[in-house]
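The values are calculated or read from the model by the stated rules, or taken from the named source; none is laboratory data. None of the values given here were measured: they were computed from a predicted structure. Cβ sites come from the backbone with ideal geometry, for glycine too, and all protein chains shown count toward neighbours.
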Amino acid sequence: MITLNYPFSRARQAESLKIIDSVCQSGGVIVYPTETFYAIGGNALDHDLGQRLSEIKKRPHDKPFPSLAGSRQALDKLVCDWPEPALQLCDKYWPGALTLVLKGLKNLPPAILGKDGSVAVRWSPHPLINDLAKLSHLPLISTSANFSGQTPTSKADQLDPQLLATTDLLIIADNQNPDPQPSTIIDARVDPPRLIRPGAIEIPEVLFNH
């Protein structure tokens with residue numbers, strides 16, 4: 001397993017980003033920091049990655065994974081419809097810890113495409129994700145870096161060594177927030193939008209009742 005510490009030095013920035021992109025493009029599994037907890041994932045468009053991740057996390061194979069990205073170009077590789085309520089939420093809360101459930105493109109891997117044709121996506125504000133977006137507009141599977149049923153963590157020294165042993169790349173950058181929260185999840189396919197899970201971003205109730 002390759003280990004990188006973020007932020008990268010100016011001298012190693014380009015090389016480090018190319019390593020991450022190469023691992024993702026080749027179907028590798030990475031553990032990486034986000035604005036909430038450490039995530040495990042990789043190229044969201046890879047049709048074989050989902051099965052490997054499900055086996056690593058000991059998670060049901062028919063349960064789709066959420067995705068994140070650092071650009072609208074990357075998100076457009078996943079989403080086929082942006083209803084007006086979704087665009088309003090995007091304008092107000094993205095980049096941020098807000099996951100939107102939207103209609104996904106039909107050719108997406110089943111690991112990220114729900115049986116109802118939905119995808120769960122967010123635009124991450126984490127600087128690492130933004131740096132990657134400048135190199136390649138690649139959406140990433142983003143599920144918490146822990147075995148199914150275990151507690152997620154924002155500290156690298158709390159990551160399960162058995163989990164890390166199954167991955168190809170670890171990027172270390174601990175979240176300094178003493179009480180990180182998971183992303184807020186909203187189904188934005190409907191009007192008004194529907195709150196699925198409260199989380200890091202508080203959404204005014206009026207948005208769900210107009």
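A few comments on the model shown:
Rundown of residues vs (1) modelled with pLDDT of 95 or more; (2) under 21 Å from Phe147 (Cβ atoms); (3) under 13 Å from the mean Cα position of the chain (by Cα); (4) not aliphatic (A, V, I, L, M), yes/no style:
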site: Phe65; (1), (2), (3), (4): yes, yes, yes, yes
site: Leu100; (1), (2), (3), (4): yes, no, yes, no
site: Gly104; (1), (2), (3), (4): yes, no, no, yes
site: Asn107; (1), (2), (3), (4): no, no, no, yes
site: Arg122; (1), (2), (3), (4): yes, no, yes, yes
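- Residue in segment 34-45 that is surrounded by fewer than 16 Cβ atoms within 10 Å (Cβ to Cβ) and either in a loop (DSSP other than H, G, I, E, B) or modelled with pLDDT of 95 or more (or both) present: no
- Selection of segment 166-183 for residues being touching a Pro at 6+ places or on another chain (Cβ under 9 Å) and either in a loop (DSSP other than H, G, I, E, B) or modelled with pLDDT under 95 (or both) yields Ala173, Asp174, Asn175, Pro180, Gln181, Pro182, Ser183.
- Of the residues making up segment 150-165, those that are in a loop (DSSP other than H, G, I, E, B), touching a Phe, Trp or Tyr at 6+ places or on another chain (Cβ under 8 Å) and more than 17 Å from Asp179 (Cα to Cα) number 1.
Quick grid of which residues meet (1) out of contact with any Asp or Glu (no Cβ under 9 Å at 6 or more places or on another chain); (2) touching a residue at least 12 places away in the same chain (Cβ under 8 Å); (3) buried (at least 21 other Cβ atoms within 10 Å of the Cβ):
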position: Leu68; (1), (2), (3): yes, yes, yes
position: Ser71; (1), (2), (3): yes, yes, no
position: Glu84; (1), (2), (3): no, yes, no
position: Ala97; (1), (2), (3): no, yes, yes
position: Asn107; (1), (2), (3): yes, no, no
position: Val121; (1), (2), (3): yes, yes, yes
position: His126; (1), (2), (3): no, yes, yes
position: Ser136; (1), (2), (3): no, yes, no
position: Asp157; (1), (2), (3): no, no, no
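- Number of positions in segment 86-95 that are part of a loop (DSSP other than H, G, I, E, B) and touching a residue at least 40 places away in the same chain (Cβ under 8 Å): 0
- Among (1) assigned to a loop (DSSP other than H, G, I, E, B); (2) free of Cβ contacts under 8 Å to residues at least 40 places away in the same chain; (3) at negative phi, the one test that Arg52 misses: (1)
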